[in-house]
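Step one of this worksheet: look at the structure below.
The values are calculated or read from the model by the stated rules, or taken from the named source; none is laboratory data. Values in this document were obtained by computation on a predicted structure and should not be read as measured data. Every residue, glycine as well, gets a Cβ built from its backbone with ideal geometry; the counts of neighbours run over all protein chains shown.
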Amino acid sequence: MVNLRKVLFTLTVCLCSFALSQDVTLTFYPDGNVSYTSDQSISGYQFDHDGCAASAEDATGTDFSVNASAGVVLAFSFSGTELSAGDDLPLLSGVTCSAADVGGIVISGPIQDDGSAAPSLSSIAVDGELPEVTCEDVGGNGMTCDQILSFGGSCGAMFGNLDVDEVCPAACGTCPDEGPEMDLVCAGDADVCIGVDSNGDVNFTSLDDLYGFQFSHNDCATDGIGTDENGFSTTISGTTAIGFSFSGTNIGTSGTLVSATDCSIDDLSNFVISGLDGLGYSSETGVYEETAVPVLTCAGDSDVCIGVNGDGDVVLSSSGDVYGFQMDHTGCEGIAISGVDSDSAGFSTSITSGLFFGFSFSGNFIPAGEMTIISGTDCTIGDLSGFTISGVGGSELSSEAGTYGDESACDDADADGVCDDVDDCVGQFDDCGVCDGDNSSCDEGCGPNQPGPSGCDNACGSALVNDECYVCGGDSSSCDDGCGPNQPGPSGCDNACGST
């Protein structure tokens with residue numbers, strides 16, 4: 001209790017003496033968290049606020065007691081626990097303050113061994129920035145995500161003490177949703193489409209390179225930032241924005257003209273857009289619409305539709321469970337890895353310079369639906385062929401190549417699952433091995449690939465020869481009078497062969 005009194009004495013009576021270098025920095029983050037950086041342990045703290053910390057809660061994981069009122073936050077430990085020194089350590093949560101909203105900060109340092117009051121530490125409040133949200137596989141327990149998924153871990157489940165979705169978000173497709181992508185869309189067919197996005201940026205898309213622009217506004221772009229891309233000089237007044245390059249360069253076919261305005265597209269007018277040599281471009285205003293998600297489609301009614309999306313992932317849309325797959329490719333594997341759904345099913349996947357192959361030794365399957373079996377290839381659908389997709393019990397599921405969205409259609413006139421531009425035969429090989437042949441090229445009158453007329457009888461596949469009696473297929477008996485084929489028979493008074 002002696003120590004507690006000394007902490008309270010410091011918090012309520014002592015005034016902080018600020019030096020050039022502060023002992024403690026309180027950082028207020030926009031997500032409601034407050035952290036501290038201190039070169040000494042802290043036995044208590046207090047600060048005033050404008051109501052933004054009335055719901056503050058302790059985030060230190062200690063037994064610190066946080067008392068938050070409408071104007072003051074006071075915190076300390078009844079047991080004498082001290083917050084350890086360190087950098088950017090958690091202090092509070094549930095706070096909506098910025099650094100400008102707080103004041104009167106009092107920080108008590110460590111309790112002294114001689115029983116004297118805890119020293120008062122100098123302090124400062126600052127605003128913090130949240131780190132950019134990234135989605136990376138980190139693994140855990142000394143294992144990479146590839147190892148976790150190879151040794152029995154699966155997305156949507158625990159692997160020991162690891163939540164696989166959390167430590168392998170990229171592999172499991174569980175990255176935070178950053179919101180839908182938006183496309184600038186114009187209804188007409190003007191050369192240039194101009195729009196204002198949710199950040200107040202005035203953007204454009206153009207059929208050809210843009211060399212200059214001018215537009216009027218209702219004072220909403222005055223504080224905006226004009227583009228300086230590729231040497232452009234942009235001037236913004238209270239009514240007009242104009243941009244061009246003194247050296248005659250251009251800013252391409254899409255980009256931002258003025259950023260960080262307070263405008264909507266309806267606040268802009270009188271557009272003048274220039275191309276090469278001052279050529280005037282027609283223009284129109286557009287709106288931002290959610291980017292359409294490409295959908296894998298196939299022309300036929302096969303069990304499995306196979307496609308390659310914009311990320312180079314090989315995707316199947318299957319009406320049945322998939323127990324295995326195999327397909328040839330043209331050496332486009334790039335840095336391909338096993339797809340998330342192959343990993344989730346525990347498939348053993350082989351990626352070679354000409355083949356994608358996968359199945360489960362334990363008989364697992366990928367449930368029917370859309371599934372990613374290989375990721376990160378350099379392939380297009382035209383690079384894939386020889387599809388074999390296995391269903392339950394080793395049955396083969398019919399398959400065909402498909403397309404995504406506006407992707408150029410893959411013609412497959414013979415519906416054999418191979419794009420016509422890489423198909424060895426658009427149609428069927430005849431018995432002679434001729435594409436769309438009529439079997440005549442290997443038919444000598446006895447049937448395709450059958451032996452033609454031969455032998456002494458000129459019959460199909462005949463091996464007959466003339467005997468010594470010149471009889472086709474004979475046994476040489478027709479010219480044998482008992483003395484051998486074509487030999488004089490018995491004669492003379494002794495009736496001997498050839499006797500005279």
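Within segment 286-296, can one find any residue that is in contact with a strand residue (DSSP E or B) (Cβ under 7 Å, 6 or more places away or on another chain), surrounded by 19 or more Cβ atoms within 10 Å (Cβ to Cβ) and more than 18 Å from Gly200 (Cα to Cα)?
yes
Quick check on segment 348-366. Is at least one of its residues within 22 Å of the chain's Cα centre (by Cα) and part of a loop (DSSP other than H, G, I, E, B)?
There is at least one residue in segment 348-366 that is within 22 Å of the chain's Cα centre (by Cα) and part of a loop (DSSP other than H, G, I, E, B).
Quick check on this structure: which one of Gly104, Gly71 is under 13 Å from Leu26 (Cα atoms) and surrounded by fewer than 20 Cβ atoms within 10 Å (Cβ to Cβ)? I'd like the intermediate steps shown before the answer.
Numbers: Gly71 fails: under 13 Å from Leu26 (Cα atoms).
After ruling out the rest, the residue left standing is Gly104.
Taking strands (runs of 3 or more DSSP E) that do not extend beyond segment 134-230, which have at least 1 residues that are free of Cβ contacts under 8 Å to residues at least 12 places away in the same chain? Write out each step before concluding.
Details: elements: 182-185, 192-196, 202-206, 212-217.
In segment 134-230, there are no strands (runs of 3 or more DSSP E) which contain 1 or more residues that are free of Cβ contacts under 8 Å to residues at least 12 places away in the same chain.
Determine which member of the set Ser198, Ser206, Ser150 is touching an Asp or Glu at 6+ places or on another chain (Cβ under 9 Å), among the small types (Gly, Ala, Ser) and either modelled with pLDDT under 90 or exposed (fewer than 14 other Cβ atoms within 10 Å of the Cβ) (or both).
Working: Ser198 fails: touching an Asp or Glu at 6+ places or on another chain (Cβ under 9 Å); Ser206 fails: either modelled with pLDDT under 90 or exposed (fewer than 14 other Cβ atoms within 10 Å of the Cβ) (or both).
Being touching an Asp or Glu at 6+ places or on another chain (Cβ under 9 Å), among the small types (Gly, Ala, Ser) and either modelled with pLDDT under 90 or exposed (fewer than 14 other Cβ atoms within 10 Å of the Cβ) (or both) holds for just one of Ser198, Ser206, Ser150, which is Ser150.
Would you confirm, using the coordinates I've provided, whether Asp438 is loosely packed, with under 13 Cβ neighbours inside 10 Å and either at pLDDT 85 or above or not in a loop (DSSP other than H, G, I, E, B) (or both)? Spell out the reasoning first.
On the way: loosely packed, with under 13 Cβ neighbours inside 10 Å: yes; either at pLDDT 85 or above or not in a loop (DSSP other than H, G, I, E, B) (or both): yes.
Against the criterion (loosely packed, with under 13 Cβ neighbours inside 10 Å and either at pLDDT 85 or above or not in a loop (DSSP other than H, G, I, E, B) (or both)), Asp438 qualifies.
Just to be sure I understand the filter: pairs with C-beta atoms under 8 Å, separated by 6 or more residues or on different chains, first member in segment 384-395 and in a loop (DSSP other than H, G, I, E, B), second member not hydroxyl-bearing (Ser, Thr, Tyr). Which pairs pass?
Gly391/Asp303; Gly391/Gly320; Gly391/Asp321; Gly391/Val322; Gly391/Leu397
All but one of (1) under 30 Å from Asp414 (Cα atoms); (2) touching a Cys at 6+ places or on another chain (Cβ under 8 Å); (3) at pLDDT 95 or above hold for Glu284; state the number of the condition that does not hold.
For Glu284, the failing item is (1).
Among the residues of segment 403-414, are any surrounded by 14 or more Cβ atoms within 10 Å (Cβ to Cβ), among the hydroxyl-bearing types (Ser, Thr, Tyr), in contact (Cβ under 8 Å) with a residue 24 or more places away in the chain and outside any loop (DSSP other than H, G, I, E, B)? Quick ask: steps written out before the conclusion?
Initially, segment 403-414 is screened for residues surrounded by 14 or more Cβ atoms within 10 Å (Cβ to Cβ), giving 403-404, 407, 410-412, 414.
If we keep only those that are among the hydroxyl-bearing types (Ser, Thr, Tyr) too, we end up with 403-404.
Then keep just the ones that are in contact (Cβ under 8 Å) with a residue 24 or more places away in the chain; that gives 403-404.
Still in the running and outside any loop (DSSP other than H, G, I, E, B): 403-404.
Among the residues of segment 403-414, at least one is surrounded by 14 or more Cβ atoms within 10 Å (Cβ to Cβ), among the hydroxyl-bearing types (Ser, Thr, Tyr), in contact (Cβ under 8 Å) with a residue 24 or more places away in the chain and outside any loop (DSSP other than H, G, I, E, B), which makes the answer yes.
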